[in-house]
Each structure stands twice: as structure tokens, then as C-alpha cells.
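Coordinate-derived values only; no laboratory data. Since we're looking at a predicted model, the values are computed, not measured. Heads up, the Cβs are rebuilt from the backbone with ideal geometry, glycines too, and the neighbour counts pull from every protein chain shown.
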Amino acid sequence: MRKETNPEDIDGMHSAAGILTSTGGMTSHAAVVARGWGRCCVAGAGEIHIDEKARKIKINGKTFTHKDVLSIDGSTGEVMVGEVETQTPKLSGDFSTVMKWTDKYGSMKVRTNADTPADAKRARDFGAQGIGLCRTEHMFFEGERIMAMREMILAENEADRKEALTKLLPVQRKDFVGIFTAMKGLPVTIRLLDPPLHEFLPHDDKSQAEMASRLGVKRSVVKNRVLALHESNPMLGHRGCRLAVTYPEILDMQVTAITEAVIACKKKKVDAQAEIMIPLVGTANELKLLGDRVRVVMAEVKEAKKYTGKLNILVGTMIEIPRAALTADQVSEHADFFSFGTNDLTQMTFGYSRDDINTFLPDYLNEEILPRDPFQTLDTTGVGQLVEMGVQKGRSTKSKLKCGICGEHGGDPESIEFCHKVGLDYVSCSPFRVPIARLAAAQAALGA
Amino acid sequence: MAKKVAKKASRAPKMTYYFGKGKTEGKNDQKQLLGGKGMNLAEMTRIGLPVPPGFTITTEVCDLYYKNKKKLPKGLMDAVNKNVKMLEKELGKKFGDTKLPLLVSVRSGAAVSMPGMMNTILNLGLNDASVVGLANATGNERFAYDAYRRLINMFGDVVCGVGHEYFEHAFDRIKAKYHAKEDNDVPLEGMIALCESYKKVFRKHYGKPFPQDPIKQLELAVEAVFASWMQMRAIRYRQVENITGLLGTAVNVQSMVFGNMGDDSGTGVAFTRDPSTGENKFYGEFLINAQGEDVVAGIRTPQPVAEMTKWNKKIYDQLLKIKDKLEKHYRDVQDIEFTIEKGKLYMLQTRNGKRTGAAAVKIACDMVKEKLIKEKEGVMRIPAGDLTQLLLPSFSPSAKAKAKKTGGLLSVCQRRLGLLSASSPLLRLRLSIVRLRAKKCCSCGKKPTPKTSTACTRRLAS
């Protein structure tokens, strides 16, 4: 139960049975994350007043504490007192018949967004044909890892940073081996670290003190680092590939972990198909610099591990900044694949912040300024042009450039139809939407 | 200016489409022009189903009505008169007749279904003379006066803006006078007195007497249906449902059949397959001795359609045959409405049935197996987004109902609640399927003033 959620809450959200927030909407952080896990979530329940400090909530004059049980229905938005009995879905033989049809008639592949071996396995059971987006940052939040991550962020020089990163290397490698194994024979696109570093640090006094004592530093050190990392507009700040440009050792560690994991899998005869994705690229030069570095690190690891076989690791980029789409012919010179991150592409094309859109979106829909929420259904006239142009320009340089989409739109039937039309090779969506996307992809192919 | 409009109207295309034994003019690709209801009435007539004859006034006429400053276009009433003559001839009945009077229903019907959003008038054609005719024809005087008072009430309320409550008060006075607890306890004299007092209420609040000329009644009713296209709730419904690009509503004028003519009469609604599970089983409910609106009002509880065998096996078997014929013809699940008048079955409506995600999957697979549709069509038939319903756990409906009953519901998106209400289980099911299928949430009809927008919960995790 939160006013709103942020990535810090990830652990709590993952262990929660359901998520209820008083602000936000269908595409806010809580909703997006919950959807990926198939977790029930009601976001933006404005009648609910949440007092996070007192651990109390008030709904229509009634007060509830952590001892009370509430039932929330994610499909209707209803909030009920007490535990309401549920029924689990039974997937019938008819369902698998329909899924067989989709394979027969669909031409686009459907991948999934998954960050853990468990998610990957579940999506595979639903028929996912690969992972289109594996976010590595979620791996840093779990349990002890966050401490090593924070140590790395607090480090004042490269040597200290590298030391902290060495602690993260084995856990990342283990995660990747798990995911490659779950997805053997299918491609897995791994996105290098994307969020700004401040998201990994605690913001309240108590947690900051806790962190300081765990890491054996003064409280002021933590506090100052948090202050130093503060940005007025983090969405457009020091994140994505910009982190890798300033702190290449983070990229080195992640690429090492991926390459080592692929080698480990190959040795066990597990067919790992890794694709390394560099996020938030806006210029060809960014991708040239970082792509070259990725390839150098891969070669180094191969040599260190004395591995002589082929790894076939692709290196590509996310197209989520309009400039990258506009200059896709140059960007694709350094890319094996493009993945359109249409969440950010929509934010930056419209100039809307996804997390703040709910203050004005209802009016925009009512006045028919927008036909629908552009974060739910791809705006084909505007943002779609950038996608189409990105595909065309990209393939003008590299005719076999693999193109896909990994935003929330990858699970929306209308947007999928558009993806088919502009010639994408795959869409990627949250595990629970995989069957929907497969059906929509088949319908798009049949309707064309 | 007026001349110009008249000239335009005279060049207007065909305004009415007849359906009946003599001829059926509508075709099954004219949904935009005839509305869903009008097109399907024509189609059912064409394939030989028992449909009470009538005619449809096109959506283009509705468009002209609005372009013509909310006046019926010239030439319309001539066309209507011609169609009424055809109806009279086919049925051997006459408007305003004292022996065999013609009575009609007047209903809206746009190209996209908008349940309950626009106006309907029943029993039109009754007046002081034809009420006697109806009594003679049916041998049931009380029934005739009951029908008449229902018309005055409905016509007053829907066409002339006379508040329903004025009629209610008058009814209460009559009930008190005859010591009647329920509407049905009022004797014949009471019903006759009620008609007189309803006419007074009508005159008092409308300023003019209740129109005795059936053609005048029809003209006013058609206008009222057109006007209801732009009433607030209809506009809001179209906003919420993202319905755009329609010319307007069509008007269906259809000869009346009565489900309340005694214990050999009845009315019902049904799906050709179970819309919640998809099972290939005739699924619906009916009420003996009742009109359609009694089912909606929920005063009495309808029986499952399977129990009809005990009441009238012949009708049940006929319905099963019609069900198969409709599915073969439309190659999809149909949602039908029917009425039985004195042991004779009439079909009043058919349309593609809304269904849950689970039902959509089962129905598509079954219909492919039955060779009713091809595999590719099966793929296209399932709304992809509705698969969500199959993949996530849900609250068991009974447990949820119980929680709500005990006041456990704390907060909910108020989307569409209040627009529609229904007490019949089948109608509730229809509504719940409509809601299940609703793509977006937070499209409460209300404009989001700060208060209402915060009172709204958004739907998620789908």
C-alpha cells in the first residue's frame, strides 16, 4: 500500500500479494511492474488516504491497519473488506488449440520482458519465443546485492568502484546462466544498466544511517552522495548509455558477466543466445564507442577463459530517443539489432512524463485532444512515424537488421497490428500478455 | 432558405425499408443505413423466421432531421403512410379500428448497439376507439385498457416530457380507491378510470390532449426517437464506448405482439450458446404472461429457458430450430429476444452475442470443429485483449457478491454504474460481459471535476 511506488519498493512489491496505490494510473510504475508479474494492482484509488508513517489507511471514513485484510480486484478496480475467495484460471485444451493457430498464422515473433529465471520460465510456458527485454537493474535490488551496488556508487575512485563491482560480477553471471538456461535455444536481449544511480540509494534519514553503518562510513558521506546525485530531471539525466560513458567499468562488469555466462552455458551444451542492448542511445557515436568497448571486453573474456568456439553474441541498441530514430541509418552501422523502447520514445516525442500524465490525461481524453492514452496504445501517427522511419533507415544501411519493440505497447493488440505493418521481427511484452500478443500477431498477419 | 431545405429533402434517398411477407427491402449489408436492429429484422424475415412485420426509417433521415433544425424531412410522413397501409393490408388490421386495430412499437436502433440509451414506445395506435377494438379482438377488456394506460404513460414520459411520477401518483390514487395492493389487483373499472385520469394528467402537464390520431402519435414518436439520439446519456455512452462516425439512429416501427395475453403467452431473451462458458447449450430465460419490460423491471423472476418444455414443448422445439437456423445463417452466437402471443412464437431481435474471453475461445474452437467457420476466422473471432480473463485468478462471483451485500465494497470506479441497472440474472450477465470487455477504465461518464476524478479507481494489472 503506497501513495505511489518507485523502484526502491521492488522487493516489497515482489513479495506483496497485491498492490494498492492512491495516485498514478495504468501506466505508472506500480502498474507496469505488477502487470509484468501478473500481480494484482489497483493504482490511483483516490478515495483512499494512505498514512505511510502511521501505517494506517482511511477509505470512506473507515480506518484500516496492517492487521486488516482487504481484497482488491485488478480488473474492476474494486476494493473490498476481508478476504474474498478467488478461483484460479484453468487453461483448457481449447486455449492450446488457439495458441497452435496463432503459430500457424502469425509471422511476427512474440518475446517477453523478464528479469528472472522464474519469469522467463513462466513466459516460455505461455509460449514466449525469447526475451526482448531483460532489465539488469532489478537484479541489483534483491537482498544483499543492493549493498554491493551502494558501495560501488559511494566509491570515490575507479579502483574502489571496481572492487565493489567484483562482488556483483558472480551474482550477475549466475542470474544470466539461469535465464539463458530457462530460455535455451531462444534469444535473450539483456539491457545494460539504465536507471540513474540515485535510484539505488535510500532517501530517508533512517535508511541512510543504516546504510552508512553497514558500509562503515559516516552518515554525511551517504547524505552528500545522495545530494550530489540529485538531478532536476532524472528522466533526461545521467542514465542509460551515459552511465557507461562516464563509468565504463560498470559496462565492463556486465559484459564480462554475460560473456562468462554464455561460455558456461556453451560448455554445458546449453544453447545460449545473448543479445547485448545499450540503452538510451541518441547518437551513432555513443553506440560506436560503447559497442567497440563491448566487443573488446568479450574478446578479452574469451581469451581469459581460453574459449575458442563461437559465441554469437549480438550487440544492438534501444531506439527510445527521437534523435536515434531520425539518424537510424547512422546508428545501425554499429548495431546488430534495434529494439524500440516505445515507453520512453512516447515520453520524449510528446514531451509527457509518464508518471505525471494523470493530472491532465483525463481532460485530454474527454476533450478528445488525444483519442486514447498514448502509453497504452502506440500513437501511430506521431510516435509510429519514428518507429517506421527507424526501421526503414536502419535497414537501408543494414538490410537484415533485426527490429523489435519492448515497450508496454508490445502487449497491446492495436499497437501490435501497427508493428506488423511496419515490418518488425518481434514484439516483446510482459509474461502474462504473451498469449494476447501471439493472438494479436496472428490476427495482424491474417488481416493484412 | 426553407425552400432550399425542402428541395434537398425531396431529392433525399429512400427513407423507409419495409419488412414483411409481401416484401423485404433491407439487405444484410445495410447496417449503417438501417441500424443493427433494423438490418437483422429484415434478415430474419428474409430467411423465413416469424417476425412481426414492420418498417425501418433510415439513419439518413435522422441525419436530415438534425440538418433540418430538428424537423422531420419533407416526404417522410408520406413514405410512413404508405408503409402503414402495407402493414394494414398484410395483417388485416387498421390503425384506430374498433374491431381489429393495428398497434405498433417504435424503437431506436443505431449501427452500434447502445442498450437502453434511446427511447422506445410500445402499444402505439391505441386511442379511445381502438382500445375498444383491442378489447373486442382479444376478448380481454382489462388487458386492452391496461395497454392503453401504458401507452399514455410511456408516450407522455418519453415523447412529451410529462414526468413519470405524475402518472405514478394517479395510479396510486386508483389503487387506493379499489383497495388494490399490486398493479394487477386493479379491476377493469379501475383500469378504465385510470385511462381517463392519465389523459387528464397528460393534458394538464403537456398543455394539449393525448393525440387520438395514430398517425400523429407515430409522427411524434419518430421525432422523439430521433431527438433521443442527442440526449445526454446517449452522447455520454458513445463517448465512453468510443463510438464515432455514425449518422444517427434508425427507427423501427413494428407491429405489436403481446406476451401478456394470458398463460399461453410469454416473453424471453436467450443466447444460442452460454455466453459465460461458451458451452453449446441454449441459454436464456423467459416469463409467462409478461411483456419485455416486465423482464427488465425485475418484478418477477424469469425461469430458465430449459424449463419451457414443461410449459409449451412445441414452442421450445421451434425455438431450438430457430436457434440452429440463426447460427448457421450468421455463423456466430446470437443474442435473441422473442415473444409468444397466444401460443404463437415471434422473433423480435437477433444480434451477435457478447461473450467472456473464456467463452470466445471455446466458441471459436467449437465452431471450427463444427465446420461452421474456418480456422482463420476462428483466430479473428477472439478479441485478443479478452484472453487476460483466462490467465489471471479472479474472485469467485458468489464470494464477491456476498462481500458486496455485507457492505464490504469500499471503493470502485463508478464507470457506467447508474447508467444501466438490471435485476434479471441474464441481463446482469449481459451487462457484466459488457463491463468485462470494457477496454479502458476511468472513463466514467462524468467530467472529471476534482471531486469526481479522485473518486475514481483505475483498472489495472490486465
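Laid out as a table, the results:
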item	result
The protein assembly as shown: antiparallel DSSP beta bridges as a percent of all, rounded to 5	60 percent
Lysines with Cα under 25 Å of A:K218, excluding same-chain neighbours fewer than 8 positions away	A:K162, A:K167, A:K206
Ordering of A:318-330, B:361-373 by packing [mean C-beta count within 10 Å, highest first]	A:318-330, B:361-373
FRET efficiency estimate (nearest 0.05) - Cβ-Cβ, A:L236 to A:K167, R0 35 angstrom	0.70
Under 13 Å from A:K306, Cα to Cα: aspartates and glutamates that are on another chain or at least 8 residues apart	A:E260
Charge context of A:Q129, other residues only, Cβ under 10 angstrom, K/R +1, D/E -1	+3
Peptide B:354-362, shielding by other chains (average Cβ, 10 Å cutoff)	3
Residue mean of other protein chain beta carbons inside 10 Å, B:393-405	5
Proximal aspartates and glutamates to B:K74, defined as alpha-carbon separation beneath 15 angstrom and excluding residues fewer than eight positions away on the same chain	B:E60, B:D63, B:E219, B:E223
Euclidean distance between Cα centres, the range A:195-236 to the range A:387-413, Å	37 Å
Global form of chain A, assessed from the alpha-carbon gyration tensor, a/c cut-off 1.5	rounded
Potential extension, B:K181-B:K208 segment - 0.36 nm per residue separation minus Cα distance	6.5 nm
Average other protein chain Cβ within 10 Å of Cβ, residues A:430-442	4
Counting DSSP beta bridges with both ends in chain A, the antiparallel % (nearest 5)	30 percent
Summed side-chain charge close to A:A328 - residues other than A:A328 whose Cβ falls under 11 Å, Lys, Arg +1, Asp, Glu -1	+1
Protection proxy ranking, peptides B:88-94, A:188-194, A:137-143, average beta carbon neighbours within 10 Å, highest first	A:188-194, A:137-143, B:88-94
Label point at B:E189 placed 7 Å out along Cα→Cβ; residues across the range B:133-167 whose backbone nitrogen lies under 18 Å	B:141-143, B:145-146
Contour minus Cα-Cα distance for A:L314 and A:K100 (0.36 nm per residue)	74.1 nm
The range B:20-44 residues near the modelled B:K325 label - backbone nitrogen below 19 Å, point 7 Å along Cα→Cβ	B:20-28, B:38-44
Value of D in µm² per second that Stokes-Einstein yields for the range B:109-248, Kirkwood Rh from Cα pairs, at 37 °C (0.692 mPa s)	200 µm²/s
Per-pair calculated FRET efficiency, R0 = 51 Å: B:K14 and A:R323 via Cβ, rounded to 0.05	0.35
